[in-house]
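Enquirer: This is the structure I have questions about; it appears just below.
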Amino acid sequence: MDGASRDDRVLPFEERFRSEVIALWEKCGLTRPWNDPDKDIDRKLTDENGAFFVLLRGDRLIGSVMAGYDGHRGSINYLSVDPDYQTAGLGKMLMSRCEAFLTARGCPKINLMVRQGNEKVLRFYEQLGYAEEKAVSLGKRLIPDTQP
Ligand SMILES: CC(C)(COP(=O)(O)OP(=O)(O)OC[C@H]1O[C@@H](n2cnc3c(N)ncnc32)[C@H](O)[C@@H]1OP(=O)(O)O)[C@@H](O)C(=O)NCCC(=O)NCCS
């Protein structure tokens with residue numbers, strides 16, 4: 001189902017949306033002490049191959065998503081729909097936007113990460129055709145966002 005209304009617009013991120021985007025991520029439980037959301041936005045704005053979309057209903061910011069392409073795989077980050085507007089097809093619509101964006105750039109596959117224990121979001125991605133793969137996710141921090 002696509003719960004988009006006639007008032008809905010998907011736009012590239014602009015500075016005027018910054019505080020609303022961060023408030024949305026906080027409301028959706030996406031912020032973590034070790035990731036400074038302001039810095040994450042600044043970094044994304046240096047990415048010339050990717051996209052950072054926001055979803056507006058009228059003047060209200062109710063969704064966001066980042067898509068990236070490294071020349072081999074596509075990635076998705078900060079997918080969020082305001083809890084007041086969830087389960088109406090908007091998350092699926094934002095994902096379709098990202099898939100179309102990445103496909104148009106020749107990206108053959110998306111790999112994305114879901115935090116362990118986030119069963120609800122796993123079900124969401126399964127509905128969209130994503131499947132769990134046998135791989136271990138490794139990470140190494142290069143730039144700390146928080147000072148000790
Ligand atoms: C993940 C998220 C963006 C989904 O947005 P949404 O607008 O509620 O999702 P949709 O309404 O588009 O759902 C799409 C499909 O997934 C299914 N789905 C959504 N939530 C589900 C759930 N909790 N359990 C099972 N299926 C679910 C829907 O039934 C729908 O299937 P359908 O097409 O057969 O109707 C939203 O839940 C969210 O912002 N969560 C918090 C932030 C987060 O964890 N983001 C993911 C980071 S990896």
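Enquirer: Of the residues that sit in the stretch 62-82 and are of a type in the set (Ser, Thr, Tyr) and touching a residue at least 40 places away in the same chain (Cβ under 8 Å), which one is nearest to the ligand (Cβ to nearest atom)?
Expert: My answer is 80.
Enquirer: So is residue 113 near the ligand (Cβ under 8 Å from one of its atoms) and touching an Asp or Glu at 6+ places or on another chain (Cβ under 7 Å) or not?
Expert: no
Enquirer: Which ones in the stretch 84-110 are within 17 Å of residue 7 (Cα to Cα) and among the aliphatic types (A, V, I, L, M)?
Expert: 88, 90, 93, 94
Enquirer: Picking from 102, 94, 128, which residue would you name as being within 8 Å of the ligand (Cβ to nearest atom), in contact with a strand residue (DSSP E or B) (Cβ under 7 Å, 6 or more places away or on another chain) and under 23 Å from residue 72 (Cα atoms)?
Expert: 94
Enquirer: Would you check if there is a residue in the stretch 64-75 being among the hydrophobic types (A, V, I, L, M, F, W, C), closer than 25 Å to residue 26 by Cβ, assigned to a loop (DSSP other than H, G, I, E, B) and touching a strand residue (DSSP E or B) at 6+ places or on another chain (Cβ under 6 Å)?
Expert: There is no residue in the stretch 64-75 that is among the hydrophobic types (A, V, I, L, M, F, W, C), closer than 25 Å to residue 26 by Cβ, assigned to a loop (DSSP other than H, G, I, E, B) and touching a strand residue (DSSP E or B) at 6+ places or on another chain (Cβ under 6 Å).
Enquirer: Just to verify a result, which residue in the stretch 79-110, among those that are of a type in the set (D, E, K, R), in a helix (DSSP H, G or I) and under 15 Å from residue 55 (Cβ atoms), is farthest from the chain's Cα centre (by Cα)?
Expert: The selected residue is 84.
Enquirer: Here's a follow-up. Just to be sure before I move on: is residue 65 touching a helix residue (DSSP H, G or I) at 6+ places or on another chain (Cβ under 7 Å) and of a type in the set (A, V, I, L, M, F, W, C) in the structure I sent?
Expert: Answer is yes for this residue.
Enquirer: Any idea which residue in the stretch 24-56 is nearest to residue 7 (Cα to Cα), counting only those that are in a strand (DSSP E or B) and more than 12 Å from the ligand (Cβ to nearest atom)?
Expert: Looking at the filtered set, the residue picked out is 56.
Enquirer: Hey, another quick one. Looking at (1) in contact with a helix residue (DSSP H, G or I) (Cβ under 6 Å, 6 or more places away or on another chain); (2) modelled with pLDDT of 95 or more, which is the one condition that is false for residue 44?
Expert: If we test residue 44 against (1) in contact with a helix residue (DSSP H, G or I) (Cβ under 6 Å, 6 or more places away or on another chain); (2) modelled with pLDDT of 95 or more, just (1) comes out false.
Enquirer: As an exercise: evaluate residue 139 against (1) touching a residue at least 40 places away in the same chain (Cβ under 8 Å); (2) surrounded by fewer than 17 Cβ atoms within 10 Å (Cβ to Cβ); (3) small (Gly, Ala, Ser); (4) closer than 22 Å to residue 42 by Cβ and give the number of the one condition it does not meet.
Expert: The single condition residue 139 does not satisfy is (1).
Enquirer: Give all pairs with beta carbons closer than 9 Å in which a residue from the stretch 111-132 that is assigned to a loop (DSSP other than H, G, I, E, B) meets a residue that is surrounded by fewer than 15 Cβ atoms within 10 Å (Cβ to Cβ) and of a type in the set (S, T, N, Q); count only pairs at least 6 apart in sequence or on separate chains.
Expert: Short answer, once both residue conditions are applied: 113/137; 128/96.
Enquirer: Hey, another quick one. Out of all the residues in the stretch 45-64, is one or more among the polar types (S, T, N, Q) and surrounded by 10 or more Cβ atoms within 10 Å (Cβ to Cβ)?
Expert: Yes, the stretch 45-64 contains a residue that is among the polar types (S, T, N, Q) and surrounded by 10 or more Cβ atoms within 10 Å (Cβ to Cβ).
Enquirer: Related question: So, in the stretch 78-111, exactly how many residues are surrounded by fewer than 17 Cβ atoms within 10 Å (Cβ to Cβ) and under 19 Å from residue 137 (Cα atoms)?
Expert: Count: 2.
The values are calculated or read from the model by the stated rules, or taken from the named source; none is laboratory data. Please read these numbers as outputs of a predicted model, since none were measured by experiment. Virtual Cβ from ideal backbone geometry, glycine too; neighbours counted across all protein chains shown.
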